[in-house]
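Following: one structure in structure tokens, then a few remarks.
The values are calculated or read from the model by the stated rules, or taken from the named source; none is laboratory data. Values in this document were obtained by computation on a predicted structure and should not be read as measured data. Glycine gets a Cβ as well: all are built from the backbone with ideal geometry, and neighbour counts include every protein chain shown.
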């Protein structure tokens, strides 16, 4: 998977498509970003002309939630995260449970956050 740099607007569009729209027309945010996001295979048009997320799009949103969760835990070990994000970060040894409750970052988690910050600075 290439490291495509997505904007906040593109992430918002992916999230809107994931949640599904109750209206026939896509929002302006989705409309602005659909061509690029379909081009890099994060979204696709179905037979009924509705936008849906691809598996790659689901993965990108999940990884973004994981990185956001790591940053939140670095700031506050008592922060509440989604269960799937906690399970993933724990399985990958990025977090460790604390005795007083909550979770702290492991050495691997701190290294990952430092690596992510370094990669973001380069872009």
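Odds and ends about this structure:
- Scanning segment 67-87 for residues that are in contact (Cβ under 8 Å) with a residue 24 or more places away in the chain, farther than 13 Å from residue 106 by Cα and surrounded by 14 or more Cβ atoms within 10 Å (Cβ to Cβ) yields a single hit, 67.
- For residue 115: the one exception among (1) out of contact with any helix residue (DSSP H, G or I) (no Cβ under 8 Å at 6 or more places or on another chain); (2) more than 26 Å from residue 12 (Cβ to Cβ): (2)
- Condition met for residue 121 (modelled with pLDDT under 90 and surrounded by fewer than 16 Cβ atoms within 10 Å (Cβ to Cβ)): yes
- Residue 97, sole failed condition from (1) under 26 Å from residue 5 (Cα atoms); (2) loosely packed, with under 13 Cβ neighbours inside 10 Å: (1)
- One residue stands out among those in segment 1-55 that are surrounded by 10 or more Cβ atoms within 10 Å (Cβ to Cβ) and at pLDDT below 85: the one that is nearest to the chain's Cα centre (by Cα), which is 4.
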